[in-house]
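> One structure coming up, written as structure tokens, with questions to follow.
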Amino acid sequence: MPKYDEDDAARYGVRTRARRRTDASRPRGRRRGPLKRGSVSEILWGEDEERPTTLTEFTDPDMQRLFERGYFDTLVGQLRGGKEATVYLVRRGAESLAAKLYTDIAVRSFKDDAGYWDGFWIADARVAKAIRRGTRAGRSAKQAIWAFREYQTLWRLHEAGLPVPRPAVGPEVSAVAEAGSVVLMQLVGDGDEPAPRLSDLRLGPEEARSAWDQAVAICLRLAELGLVHGDLSTYNLLWHEGRVWLIDVPQTVELAAAKGGLALLRRDLTSLITSFRRLGVHADPDELERRALAAVRRRG
């Protein structure tokens with residue numbers, strides 16, 4: 001069962017207003033030259049729009065911290081924006097990385113997340129109380145823990161051999177603490193172009209069936225590990241060179257620890273079947289549930 005103790009709380013930063021003012025007044029490190037133009041940058045800003053010219057004009061303190069510590073050295077531009085997070089393309093030398101910056105939890109659409117916190121114990125009673133009350137400090141702590149959970153899960157799945165982006169920070173807790181609300185990871189795709197989500201594609205029958213088989217294999221492997229994704233569909237699966245990749249994993253929970261773990265699993269199965277119908281794949285929900293429950297028993 002994952003634990004979050006007082007020392008972790010201090011590292012992950014329940015930032016006060018005074019701390020924020022101090023951070024805001026500090027120099028932001030090295031200034032960068034103009035952002036390079038390219039397909040991603042031009043899609044983002046266009047030819048005539050005013051664009052940020054330096055890293056310091058563009059990023060938040062967590063992005064700046066990772067930059068100053070050498071986790072990446074070039075900011076290329078924004079890959080994707082959304083209510084939950086904004087994903088940026090950055091580079092570390094010749095390696096392209098994705099930097100996922102979570103939106104302030106107070107304005108995120110994914111707020112009804114109580115089921116994803118079952119079994120996640122926060123040892124510091126003050127932090128737990130602040131989170132329950134929804135205070136500014138509580139929201140800041142919850143945001144940092146959410147990013148920590150994504151790193152934790154990505155590392156666990158990567159080491160188990162599942163097709164997930166490899167984290168670019170960690171796995172040491174002290175290193176992950178530096179990332180704050182930013183999840184820095186491998187960019188799945190070709191060069192600077194990210195792989196598309198299955199929800200955005202039209203695949204031929206053979207490719208669609210292959211994608212379905214791989215998605216089911218991922219779901220069953222998670223169950224064998226005692227985990228459930230909690231939001232599994234073609235929106236959270238990438239397609240790259242004939243291979244399915246799983247993304248967006250912070251809400252992943254332990255089946256045994258979550259009160260509604262099996263309900264979450266059944267919801268994932270339903271969502272997976274429903275979202276794959278658009279690709280022309282029709283599956284038997286009863287058969288898929290039997291396979292999933294058998295995978296859970298193998299874990300037990």
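> All but one of (1) over 15 Å from Arg69 (Cβ atoms); (2) more than 14 Å from the chain's Cα centre (by Cα) hold for Gly170; which doesn't?
Looking at each condition in turn, Gly170 falls short on (1).
> Another question, then. Any idea which residue in the stretch 208-219 is nearest to the chain's Cα centre (by Cα), counting only those that are under 13 Å from Arg291 (Cβ atoms) and either in the same structural domain as Val164 (by TED's automatic domain parsing) or surrounded by fewer than 17 Cβ atoms within 10 Å (Cβ to Cβ) (or both)?
Residue satisfying both the conditions and the ranking: Ala217.
> What about Gly204, is it over 15 Å from the mean Cα position of the chain (by Cα) and within 21 Å of Tyr71 (Cβ to Cβ)?
On the way: over 15 Å from the mean Cα position of the chain (by Cα): yes; within 21 Å of Tyr71 (Cβ to Cβ): no.
Judged against the criteria, Gly204 is not a match.
> Answer yes if at least one residue in the stretch 168-180 is part of a loop (DSSP other than H, G, I, E, B), at pLDDT 95 or above and within 17 Å of Glu241 (Cβ to Cβ), and no otherwise.
No - not one qualifying residue is present in the stretch 168-180.
> Name the residue, out of Arg166, Arg277, Arg202, that is outside the structural domain of Tyr151 (by TED's automatic domain parsing), touching a residue at least 12 places away in the same chain (Cβ under 8 Å) and surrounded by fewer than 21 Cβ atoms within 10 Å (Cβ to Cβ).
Result: Arg202 is the single residue among Arg166, Arg277, Arg202 that is outside the structural domain of Tyr151 (by TED's automatic domain parsing), touching a residue at least 12 places away in the same chain (Cβ under 8 Å) and surrounded by fewer than 21 Cβ atoms within 10 Å (Cβ to Cβ).
> Within the stretch 285-300, identify whether any single residue is in contact (Cβ under 8 Å) with a residue 40 or more places away in the chain and under 30 Å from Gly191 (Cα atoms), and answer yes or no.
There is no residue in the stretch 285-300 that is in contact (Cβ under 8 Å) with a residue 40 or more places away in the chain and under 30 Å from Gly191 (Cα atoms).
> On the basis of being buried (at least 19 other Cβ atoms within 10 Å of the Cβ), of a type in the set (D, E, K, R) and modelled with pLDDT of 80 or more, does Glu159 make the cut?
So Glu159 does not fit the description; no.
The values are calculated or read from the model by the stated rules, or taken from the named source; none is laboratory data. Everything numeric here is computed off the predicted structure, so don't read it as measured data. Cβ atoms come from the backbone with ideal geometry, glycine included; neighbour counts cover every protein chain shown.
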